[in-house]
Amino acid sequence: MPQRTILLVEDEETLARAVAFTLEREGYRMLTAADGAVGLAMAREAKPDLLLLDVMLPNIDGFDLCRILRRETTMPILMLTAKVDEVDRIVGLELGADDYLTKPFSMRELVARIKALFRRIEMDLTEKGKVQSQPVLDSDGLRLDPAARVVTLRGKPVSLRPKEFDLLAFLLGNAGIVFSRDVLLERVWGYEYTGDTRTVDVHVRWLREKIEDDPGRPRRLVTMRGVGYKLEA
Ligand code: CA
């Protein structure tokens, strides 16, 4: 496998050094920027395989940087945040980051997340060949075409972000079955650990706003108290 390049945009020098040291030892080629504007230029120029992005940065903050790059590229973005209350914005529709870690995090966890993201990309690539044979899924006016990656609700197109689509595809393909948040994380996000399940909750909330007549009283994507979620068959 060719060596992968990771761009780290982080202005805390000590943390940046520790992260770069760890990831170089894991065999990645590291690029670093301590400033949002420099990070943006480097991301465009070097086209890294993955972006590690701090939120609070000089010049352009991590939110804006993520938003700008999302419009230009599909490179995986893992955000580093010091504030738990930023998590909703990060994993939600607004930014489209692929994953996040809250500070302080262990180097071991960082490495695990990065490997999981790269594995996911590889899986997506191998899955692309098979997707043509997947049947169109249909449930009470909600229709999902896996090959075309198109969703319609009563004939009207529904615009979904990639992970929302994947979650809906998984739930529709397994309609009537209840899944815990951990299992959904593993099956849809590809994480091996039983980590932060808020990612699932946020995506469920966003999905409901698009597929439910009344998102506050969901009829399709329902919560099974103490268990998880299911899509009504
Ligand atoms: Ca910072």
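The values are calculated or read from the model by the stated rules, or taken from the named source; none is laboratory data. These figures come from a predicted structure and were not determined experimentally. No Cβ is skipped: glycine too gets one built from the backbone with ideal geometry, and neighbour counts run over all protein chains shown.
The figures follow:
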read-out	value
Residue tally, condition part of a loop (DSSP other than H, G, I, E, B), among the small types (Gly, Ala, Ser) and within 21 Å of Leu69 (Cβ to Cβ), over region 1-45	1
Cβ-Cβ under 8 Å pairs, at least 6 apart or on other chains, region 9-26 side within 12 Å of the ligand (Cβ to nearest atom), far side among the hydroxyl-bearing types (Ser, Thr, Tyr)	Val9/Thr32; Glu10/Thr32; Ala16/Thr32
Breaking point among (1) under 20 Å from Thr14 (Cβ atoms); (2) modelled with pLDDT of 90 or more; (3) basic (Lys, Arg), for Lys83	(2)
Residues satisfying the stated conditions in region 30-82, i.e. touching a residue at least 40 places away in the same chain (Cβ under 8 Å) and within 16 Å of the ligand (Cβ to nearest atom)	Leu51, Leu52, Leu53, Asp54, Met56, Leu57, Pro58, Gly62, Leu65, Leu80
